[in-house]
Amino acid sequence: MISAITLPRCKSIIIRQMVYHFGLTGEVLPVPETECNDVLVTHRALTAIAQHEGTGATVDVEDCGAAYRFMMALLSVTPGQWLLTGAPRLLQRPAAELISVLTSIGASILQSENGWLISGRSLSADTLTVDAHRSSQFASALLLIAPKLGLQTLHLDPAVIPSSSYIYLTQALTDSRVCIPELPERELVVGRVGDWSAALFWYAYAVLHPGQELDLKELSLCSAQGDAVVAQWFADLGVSSVETSDGVRISASALRQPISRTFDVADHLDVVPVMAALASLLPADFTFLHTHNLAYKESDRAHILAEELAPFAEVVCEEDSLRVIGRPRALWPPEPYAFQTHRDHRLAMAFSLFGPQAILDDTSCLRKSLGASSLSQLGRVVR
């Protein structure tokens, strides 16, 4: 039997398209109310900007990191007196490097008790340098407003940064003519817009349920999304991926022996929670390299994973790596298994792999990256 899986549209793609289009035209692209919350938050923020351009308003991006960085750049070049605000955790996430670049060319960005006061004005810059070692979104934010700046060259410092695949994605979506000397040129195809970060969950599910076939709708094996690499990684775990007319069909063969793998996740930090949970559920030993920036996500993911998965795996959490070695089931605690999600959607998705035996303290956070239909299907299949 083949199960059809409805994936959410990739929010990284949709949000970039919305912000870039608004910067060029002043128009807010429509989105259905069934989209994930991050897309809806971005849509509401752009709508507020469109309605109050020239005067200003409060722009609340809740807990959406992409909207936070992208709106900071966009508001800096949009006339008006703006307050950019969001959830307390969001306002603690890195932004200093982006602020430094914007203020260096004349932007007015002042910290307030509950966000950032931004006086939007005309800015210009032919060449900029951004320190993007803590977030590739700093570079993407500048690329999204490049036409307003007249930006021709963007330097990255350091030259090798985490999550550079998202900068390539921004370039592909904006047909960017901005030269980034530190990034080798790549020909990228955006492909279908099904979300590879969400597809990862179903790859892990397939490993845990060998023999089932899953049709992941609106997905492309050839995709500008960096997390498309999971198709290659899971091939080593016995999962086959075949592109079809409307998506990718996957199926897994049963694992016959313990597996040990090392994954460089510098460009793929969002995959770590699900893959760490998968290692706990298998006779597996997974090591993830270049995990330092997990501390800057919706939660301090590496340390929380170490705490929450400790009853099921040996977890070694170091400054820039995470190792998860699954324990024999005989050593697990009795059911049910209680997990704290820390309101982090990636953690909630990861702990959902434990199935009906898992009790999550909060599942509403899944709306951050899952649309209504995807969320409903996850509930039916996993619970």
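The values are calculated or read from the model by the stated rules, or taken from the named source; none is laboratory data. Remember, it's a predicted structure, so these values are computed and weren't measured experimentally. Here Cβ is always computed from backbone atoms with ideal geometry, including for glycine, and neighbour counts include all displayed protein chains. Heavy atoms of the whole protein, side chains included, go into the accessibility calculation; ligands, DNA and RNA do not. Shrake-Rupley method; radii C 1.70, N 1.55, O 1.52, S 1.80 Å.
Scanning segment 15-35 for any residue that is surrounded by fewer than 23 Cβ atoms within 10 Å (Cβ to Cβ), touching a strand residue (DSSP E or B) at 6+ places or on another chain (Cβ under 9 Å), part of a strand (DSSP E or B) and acidic (Asp, Glu) turns up nothing.
Rundown of residues vs (1) at pLDDT 95 or above; (2) acidic (Asp, Glu), yes/no style:
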residue: Thr262; (1), (2): yes, no
residue: Asp267; (1), (2): no, yes
residue: Met275; (1), (2): yes, no
residue: Ser280; (1), (2): yes, no
residue: Pro283; (1), (2): no, no
residue: Phe288; (1), (2): yes, no
residue: Glu298; (1), (2): no, yes
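The set of residues in segment 1-14 being open to solvent by 30 Å² or more (accessible area, probe 1.4 Å) and in contact with a strand residue (DSSP E or B) (Cβ under 6 Å, 6 or more places away or on another chain) consists of Ile2, Ser3, Ala4, Thr6.
Report whether or not Ser100 is out of contact with any helix residue (DSSP H, G or I) (no Cβ under 8 Å at 6 or more places or on another chain), part of a strand (DSSP E or B) and either of a type in the set (S, T, N, Q) or surrounded by 17 or more Cβ atoms within 10 Å (Cβ to Cβ) (or both). Answer is no for this residue. Looking only at segment 295-316, residues that are out of contact with any strand residue (DSSP E or B) (no Cβ under 8 Å at 6 or more places or on another chain) and not β-branched (Val, Ile, Thr) come to 9 in all.
When Met275 is tested against (1) closer than 20 Å to Ile359 by Cα; (2) surrounded by fewer than 20 Cβ atoms within 10 Å (Cβ to Cβ), just one condition goes unmet, and that condition is (2).
Assuming Gly54 fulfils every condition listed in (1) touching a strand residue (DSSP E or B) at 6+ places or on another chain (Cβ under 9 Å); (2) over 20 Å from Gln137 (Cβ atoms); (3) open to solvent by less than 40 Å² (accessible area, probe 1.4 Å); (4) not hydrophobic (A, V, I, L, M, F, W, C) apart from one, which condition is it? Here Gly54 meets the rest and fails (3).
Checking the conditions here, which among Thr42, Thr6 is hydroxyl-bearing (Ser, Thr, Tyr) and at pLDDT 95 or above? Even if it seems obvious, please write down each step before you answer.
Numbers: Thr6 fails: at pLDDT 95 or above.
Exactly one of Thr42, Thr6 is hydroxyl-bearing (Ser, Thr, Tyr) and at pLDDT 95 or above, namely Thr42.
Identify, please: which residue in segment 220-253 is assigned to a loop (DSSP other than H, G, I, E, B), open to solvent by less than 20 Å² (accessible area, probe 1.4 Å) and touching an Asp or Glu at 6+ places or on another chain (Cβ under 8 Å) and is, among those, farthest from His268 (Cα to Cα)? If we take residues in segment 220-253 being assigned to a loop (DSSP other than H, G, I, E, B), open to solvent by less than 20 Å² (accessible area, probe 1.4 Å) and touching an Asp or Glu at 6+ places or on another chain (Cβ under 8 Å), then Ser220 is farthest from His268 (Cα to Cα). Note on segment 137-163: residues that are at pLDDT 95 or above, under 15 Å from Pro94 (Cα atoms) and in contact with a Ser or Thr (Cβ under 6 Å, 6 or more places away or on another chain) amount to 1. Checked against the criterion of being open to solvent by 20 Å² or more (accessible area, probe 1.4 Å) and of a type in the set (Asp, Glu), segment 337-359 contains not a single residue that satisfies it. Only residues that are among the aromatic types (Phe, Trp, Tyr), touching an Asp or Glu at 6+ places or on another chain (Cβ under 7 Å) and either on the phi > 0 side of the Ramachandran plot or open to solvent by 10 Å² or more (accessible area, probe 1.4 Å) (or both) were counted in segment 103-162, giving 0. Pick from segment 58-85 the residues that are open to solvent by 20 Å² or more (accessible area, probe 1.4 Å) and part of a loop (DSSP other than H, G, I, E, B): which of them is nearest to Leu149 (Cα to Cα)? Result: Pro79.
Of the residues in segment 142-160, not one is small (Gly, Ala, Ser), assigned to a loop (DSSP other than H, G, I, E, B) and under 21 Å from the mean Cα position of the chain (by Cα). Select from segment 360-383 the residues that are of a type in the set (Val, Ile, Thr) and modelled with pLDDT under 85 and write down the one among them that is farthest from Ile5 (Cα to Cα). The residue in question is Val382.
Before we move on, is Asp270 of a type outside the set (A, V, I, L, M, F, W, C) and open to solvent by 60 Å² or more (accessible area, probe 1.4 Å)?
Working: of a type outside the set (A, V, I, L, M, F, W, C): yes; open to solvent by 60 Å² or more (accessible area, probe 1.4 Å): no.
When the stated conditions are applied, Asp270 does not pass them.
Of the candidates Val248, Val242, the single residue that is closer than 18 Å to Leu7 by Cβ and within 22 Å of the chain's Cα centre (by Cα) is Val248.
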